[in-house]
Each structure stands twice: as C-alpha cells, then as structure tokens.
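Written out below as structure tokens is the structure these notes cover.
The values are calculated or read from the model by the stated rules, or taken from the named source; none is laboratory data. These numbers were taken from a predicted model, which means no experiment stands behind them. Neighbour counts are summed over all protein chains in view; Cβ atoms, including those assigned to glycine, are modelled from backbone coordinates with ideal geometry. The area values use the complete protein model at the heavy-atom level, side chains included, leaving out ligands, DNA and RNA. Shrake-Rupley method; radii C 1.70, N 1.55, O 1.52, S 1.80 Å.
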Amino acid sequence: MAKLKTIGSKPWRLSAKLLIASSVATVIGFSTICASVLLDMRRGEQELARQTLENLASTIDADISRNVELYDQSLRAVASSMAAPEINDVGKPIQHLILFHHAAMAKHFGAIQVFDAEGRLIVDASTLDPVPENRGDEEFFLAHRDRPDAGLFISRPTLHRGSYSIVLSRRITSRDGSFLGVVAGSIRFSYFHELFERLNIGPNDGVTVLRHDATVIMRRPFDLDLIGKNLRDIPGVMRALSEPSGWYSGSGALDGVHRLLVWRDGTQPLVVLVGKPWQDILTVWRTEATRIGGTMLSLISFVLAVTLYLAREISRRANAEDKLEELATTDALTGLRNRRKFDAEIDAEWRRAVRQKVPLALLMIDADHFKTYNDTYGHQAGDQVLVGIAICISDSIRRVGDCAARYGGEEFAVLLPGLSAAQAVGVAETIRLKFQEWSEGPTLATVSIGVASMMPAASTDWPMLVKAADQALYAAKANGRNQTVVASIPRLSLVA
C-alpha cells in the first residue's frame, strides 16, 4: 500500500502541469479564434469600403460620361455640318439654326465655337457676330491640326473668358480629308463642384478626375495648384488608366495620405479615381478590435491567474502528501524505511524478480544483547546504537534499488535485488565490520546477520525469503553472535 501511495502522489504534479498546459492551450486557441474574427471583420470593412467607393466612382463616372457624350454629339453634328460646302452659302441666322439647333445646352456648358484652319473664330453659338479671336496656338487646335485621328480631344484645364474650364473639341475634315478647322466647346469647373456637392462624400475622401495622359482635370478637395499636374510617374495612376476597373492601396500623390483608391471604367475619356483614407476605413474596426482585445486580455489574465493559483495549490497538496507519505513510511529514529514500507518494497521486488528471473537477497540484522545494553547504558545509548547500525547500513549499500528498513525493535532488514548469496554475504560482512569499528570502545556493541538469497518463482511468495533470512539470523545468534550466517535454500539448512 505504501508503494502505491508513493506512485499516487505523482499524478498531482502531472495534473498541475496538465492544468497549466491546458489553460495555455485554451488561451492560445481562444486568442487564435479572436484574431481570426478580428481579421475577418477587418476584411469585411475593407470589402465594404471598396464596394462603397466603387459605387461612388460609378455614379461620378456615369454623370461625367453622360454629359461628355451629350456634348460630344453636339460637336459631331456641328463638325459634320461644317464639312458640307453648302453651309457657307446660307445666311448667318440660317447657318446658326442648322449648326446649333440640336446642340446641348446647360448652365455649365460653354458656347460651341468653330475655328477655321488658321485658328480664327468664325462661328460662335452665343452670337451672330463673334468678337475676332485666334486660338491657333492652343493645345486643342494643334492636336487636331497635327493628328487627323485625334477624335474627341479634351484639353488641359484652362482659364477662358473669366472661368476655369476644360475644352472639348473635334476636327473638321473636308470630304477629301483636308483640315478645315476645329469645333470646340467647354465644360466649366462649376459642373464638377456641383456634382461633388450632390454626392455623399466623406470630408477626407478624395476624388480625382484624370485625362488619359494622367493630367489632373479636377480634384476634391479642390486645390488650384494641383489642377493640371501630371501623375504619370505614379504606378497606381497608370494602372487606373490602363485597366478597365480595379483598386489599389497607396499613398496619395498629392497629399501623401495612405488611401484605398478605386476606379470604375478606365476606358472613358475622363477617368474617375476615388480614394478613402485607411484611417477612416478602419476607424470602426479599430474601436471594436480594441474593445474585443481588451475583453480577451482581461479573460486571459483571469484564466492564467486562476490557473497559476490552482497549480500552486495542487503542488502544495502534492508536497504535503509527499511529506505525509514520508512520515508514514520512514522510521523517525533511524531515518530508514519502516516495516510498512519494507513490506511494500519486498512485494514489488519479488514480483519483478519473478518476471525478470533474477535472484533476490535479504539481510536480517539484529543488535547483539541489545536489551542488556539498553538496561546497562540507558535508552539514549541504546538509541545511539540503533542509529549507528542504520548509518553503517546506509554507508554499505549504494544501488538505487537496495532497500534498508528498521524491521522492528533492534532488528533491521536489507533488501538486495539481483544479488546471489555470496554477493549478499559480502554486503553483510561490510555492514558488520563497519558497525564493529563504529562501536569500538568501552561500550562495544555488535550485530548478527542472517542472509538468504533465492530465485523467486510464480509458485512461491516473499515470506519464504524472510523466514529463511530470519532462521539464518537465529542460527548466527545461536552460534555465538557477531557473525553472518547464510540460509541454504530450498532445504533451508543453515551453514555458518
């Protein structure tokens, strides 16, 4: 039973370690789940922001494209009519009616004008008698003069007649392909300002309208110094001008703010690029992440604190049980194992010897004339003799499996697994001579030792070994004491 209790104390230590390991694993598991949830929430916020920006970009792009297309239809009609030779044979009122009857009219649209091959203004939709003007050196005129395939040309932002605007123009080509001039109109910046004001755009959101050569046509928030700036060196901008739609994350070229930038249709004459700062996109997520992270940190701290407390209590209990087990199995006077512990040890060693087919030796040691010695020199001197015997026994056995115990009174037992009778006698003699040397003096004390060694079998039990060693001890006493006697097994005949 004592042996079983010794082993039984270990699970408490293992349980403390298992508790800590389980708690750590649980904390790691919940932390992983929490991190996964937070990452999913972050991805959700990013996807929502991307879809919102796509919708905003689509709305702006659709409005701009519709107005540009409407205005371009008017330019096409005028250019087609001006290419007909008959247009010059009618009077100005009729000519105006023919050219501009279907022209798009809006408060943000400038009057359509026609310039001849030299750049001179010849027709103005706003008046029958236009003021003489030559725009032959301007970008839109040169583009059409030098490039017959220019199509609809959108100029850089320019200040014309007191307001900032962009010029939309088309080439007038004769039936033989020669250059006859340019028809041009304008869209004022007020159109873009009004469009942006109608939409629900965040205060930190950015909207940039680009020409296909990466020139900034319009921007919100508006900054006149940035209008007309070319962004061709920005990789993200060039992607927006070369891909039908998409998004990218990067720092704004104009203000350096890190944004999510989205464009919807890069094939249009004007490309709309909408951006939202990541700081704004992740504001709600950061608030939730802080709240959830703080809650998880509190729970983790609580779990770890409780775990450490319980582990400490389990360890304390294990240590207390170890001490109780030691007190229950140790002889208080000699420090050797007591009879109860010895019985458990010999039972376990006997079973092991049966399995492994190895011998098992036992020494039974008894102090000679102990009662007389005790009566003569007193109980304290007698106790010293018993302590001396225990010291000599402990000094003589070195192996881990050897077991020395106070068997009862002045009698001691030493279990020696794996030793033959001859080997056990050697140990016994070492103990006897050491004790004899230890006790030299006027109060000389000696011990008698009985030795038994046998090969355990399944049909035998360990009391047989104890009985044999005990009988050998009685023989040593009968033969004069202070000697070692070996039991002969199985006949149990005794030899000195």
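Points worth noting:
- Taking every C-alpha pair closer than 8 Å and separated by at least 6 residues, the mean separation divided by the residue count of the stretch 171-274 gives a relative contact order of 20 percent.
- Principal-axis analysis of the Cα atoms of the chain puts helix 421-438 at an angle of about 80° to the longest axis.
- Accessible carbon and sulfur surface of the stretch 337-414 relative to its total accessible area, %, 1.4 Å: 49 percent
- Apportionment of accessible area to carbon and sulfur, the stretch 36-183, percent (1.4 Å): 53 percent
- Our summary gives the chain a relative contact order of 12 percent, counting only alpha carbon pairs under 8 angstrom and 6 or more residues apart.
- The slack between M41 and S174, meaning 0.36 nm per residue of separation minus the straight C-alpha distance, is 41.7 nm.
- Charge tally for Q51 (other residues, Cβ to Cβ under 14 Å; Lys, Arg +1; Asp, Glu -1): +1.
- Accessible-area value, R239, 1.4 Å probe, nucleic acids and ligands omitted, Å²: 90 Å²
- Net charge in the neighbourhood of E243 (other residues with Cβ under 13 Å of its Cβ; Lys, Arg +1, Asp, Glu -1) is +1.
- With Cα atoms, 0 to 90° folded angle of helix 10-82 axis to the chain main axis: 10 degrees
- Global geometry of the stretch 131-203, whether rounded, prolate or oblate, following the gyration tensor of its Cα atoms and the 1.5 cut on a/c: prolate
- Computed with every protein chain present, the accessible area of T430 is close to 60 Å² [probe 1.4 Å].
- Sites matching trypsin sites (Lys or Arg not before Pro) across the stretch 390-496 that sit in DSSP coil, with at most 11 neighbouring C-beta atoms within 10 Å: R398, R399, R491
- Mean separation of Cα contacts under 8 Å (6+ apart) over length of the stretch 329-411, as relative contact order %: 49 percent
- Among F370, S394, P221 - extreme Cα towards positive end, dipole of the chain, charges at beta-carbon: F370
- With both labels modelled 7 Å from their Cα along Cα-to-Cβ, the E321 to A106 distance reads 8.6 nm.
- Remark: for residue pairs K17/K323; K371/K467; K229/K276; K357/K434; K371/K434, the C-alpha separation exceeds 26 Å in K357/K434.
- Rounded to the nearest 20 debye, the dipole size of the stretch 13-116 about its Cα centre is 920 debye, using +1 on the Cβ of Lys and Arg and -1 on the Cβ of Asp and Glu.
- Residue range of the chain that is longest and free of GluC sites (Glu not before Pro) which are both DSSP loop and sparsely packed (at most 11 other C-beta within 10 Å): 119-439
- For the stretch 134-189 versus the stretch 285-335, the gap between their alpha-carbon centres in whole angstrom: 84 Å
- Fraction of alpha-carbon pairs over 29 Å apart in the chain - percent: 70 percent
- Net length gained if the chain between D233 and N134 were fully extended (0.36 nm per residue, minus Cα distance): 32.2 nm
- Potential lengthening of the chain between T460 and N204 amounts to 82.8 nm, from the contour at 0.36 nm per residue minus the alpha-carbon distance.
- The residue list S58, Q46, S488 was ranked by how far each Cα lies along the charge dipole of the chain toward its positive end, using unit charges on Cβ atoms, and S488 comes out on top.
- Cα long-axis angle, helix 189-198 against the chain (0 to 90 degrees, to the nearest 10): 40 degrees
- Using a probe of 1.4 angstrom and keeping all protein chains present, the accessible surface of the chain works out to 52 square angstrom per residue.
- Which of L18, T446, F196, positive extreme of dipole for the chain (C-beta unit charges): T446
- Residue order for M455, M464, M105 - accessible surface, 1.4 angstrom probe, largest first: M105, M455, M464
- Ordered from highest to lowest accessible area with the whole protein assembly present and a 1.4 Å probe, V37, V466 read as V37, V466.
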